1. Would you please list the contacts, defined by Cβ atoms under 7 Å and residues six or more apart or on different chains, that run from a residue in the range 131-158 that is within 18 Å of GLY28 (Cβ to Cβ) and touching a residue at least 12 places away in the same chain (Cβ under 8 Å) to a residue that is part of a helix (DSSP H, G or I) and among the charged types (D, E, K, R)?
2. How many residues, within the range 223-256, are in a loop (DSSP other than H, G, I, E, B) and over 24 Å from HIS38 (Cα atoms)?
3. Looking at SER161, SER123, which is the one that is at pLDDT 95 or above, at negative phi and in a loop (DSSP other than H, G, I, E, B)?
4. Just to verify a result, which residue in the range 159-180, among those that are of a type in the set (S, T, N, Q) and without any contact (Cβ under 8 Å) to a residue 24 or more places away in the chain, is nearest to SER32 (Cα to Cα)?
5. Can you list the strands (runs of 3 or more DSSP E) found entirely within the range 1-112 that contain at least 3 residues being at pLDDT 95 or above and crowded, with 19+ Cβ neighbours inside 10 Å?
6. Scan the range 232-259 and report the pairs whose first residue is farther than 18 Å from SER160 by Cβ and of a type in the set (A, V, I, L, M) and whose second residue is outside any helix (DSSP H, G or I) and modelled with pLDDT of 95 or more, with Cβ atoms within less than 7 Å and a gap of 6+ or a chain change.
7. Filter the range 10-34 for residues that are more than 19 Å from ASP62 (Cβ to Cβ) and of a type in the set (A, V, I, L, M) and give the result.
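The values are calculated or read from the model by the stated rules, or taken from the named source; none is laboratory data. All values reported here derive from a predicted model rather than from experimental measurement. Glycine also receives a Cβ, built like all others from the backbone with ideal geometry; neighbour counts cover every protein chain displayed.
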Amino acid sequence: MSDVKHAAGLAYREAGGRSERVALLVHGYPESSYMWRHALPALAAAGWQAVAPDLPGYGDSDPQPPATWERHIEALDRFVCELDLGPVMLVTHDWGVMIGLRWACDQPGRARALVISDGGFFSDRRWHDLANTMRTEGAGERLIGAYTREGLGHALRSLSSGITEAAVSEYWKAFADDVRRQAQLELYRSGDFEKLSPYEGALARLGVPTLIMWGGQDRFATPRLADRFHAEIPGSQLSIVDGAGHFVWEDAPHLTVTTLIEFLRDSVD
């Protein structure tokens, strides 16, 4: 895995040489490209060029206010275009699902395969309690302003057995200043699920191989969402990881990476 590089205003990590077989990995909240530290070298070893950006305001990427859902999609598109990537296998988690899948549906043909984990893409979904707090004026500011590094580490480790001190240090970068903290609120407050109404059936229409990989004990995006993706995308593969929670790639790195590589070998290569 490479040191952090930069393109189109985003920091990114990559592994593997230039190839027509490209994997684009899009992280969730409040993580960064560091969450893909196990997947990147495994993809390279399997012959893929694996690229993972830090979304604006996360990891080593500078914020790009206003930090709305739409602006994140635009930032991802500029990044893909500058590096001339594609068609890509799109690997997503949490907010990366909402950002990455909208990007893929808006530009059919840019994704040759999908990996969806622990996130939603349904117009009738409802936000969980933490997100509702962040979406509420005043309450969100008080919550996001109160975070300390120790508190973030405690919260993440209460949700994931795989969160190390190094991971906490990487994910704390999203809280480094007031601009980055405000950007988190802007993202959640722009996350109106009604915006997904035009995308009903769009994933099925892409017609690409799809792996749905989910933490069996996810409390934020329950496995019922995984079942729904599986039902709505013909031919999709479903893998529920028992014992893993929302941060499935952190909780079960060996199993998730092995399942990913097997999916590539059997369905994409």
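1. ARG135/ARG189; ILE144/ARG181
2. Quick first cut of the range 223-256, residues in a loop (DSSP other than H, G, I, E, B) only: 233-236, 242-247, 252.
Within this subset, residues satisfying the condition of being over 24 Å from HIS38 (Cα atoms) are 233-235.
Summing the residues that are in a loop (DSSP other than H, G, I, E, B) and over 24 Å from HIS38 (Cα atoms) in the range 223-256 gives 3.
3. Step by step, each of SER161, SER123 is checked, and only SER123 is at pLDDT 95 or above, at negative phi and in a loop (DSSP other than H, G, I, E, B).
4. Only one residue tops the list, namely SER169.
5. 10-15, 22-26, 49-53, 88-93
6. If the second residue must be outside any helix (DSSP H, G or I) and modelled with pLDDT of 95 or more, the pairs left are ILE233/THR210; LEU238/ILE212.
7. Scanning the range 10-34 gives ALA15, VAL22, ALA23, LEU24, LEU25.
Condition check ((1) assigned to a helix (DSSP H, G or I); (2) out of contact with any Pro (no Cβ under 7 Å at 6 or more places or on another chain); (3) of a type in the set (Asp, Glu); (4) surrounded by 19 or more Cβ atoms within 10 Å (Cβ to Cβ)) across all residues:
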site	(1), (2), (3), (4)
LEU143	yes, yes, no, no
TYR171	yes, no, no, yes
VAL179	yes, no, no, no
ALA183	yes, no, no, yes
LEU196	yes, yes, no, yes
ALA204	yes, no, no, no
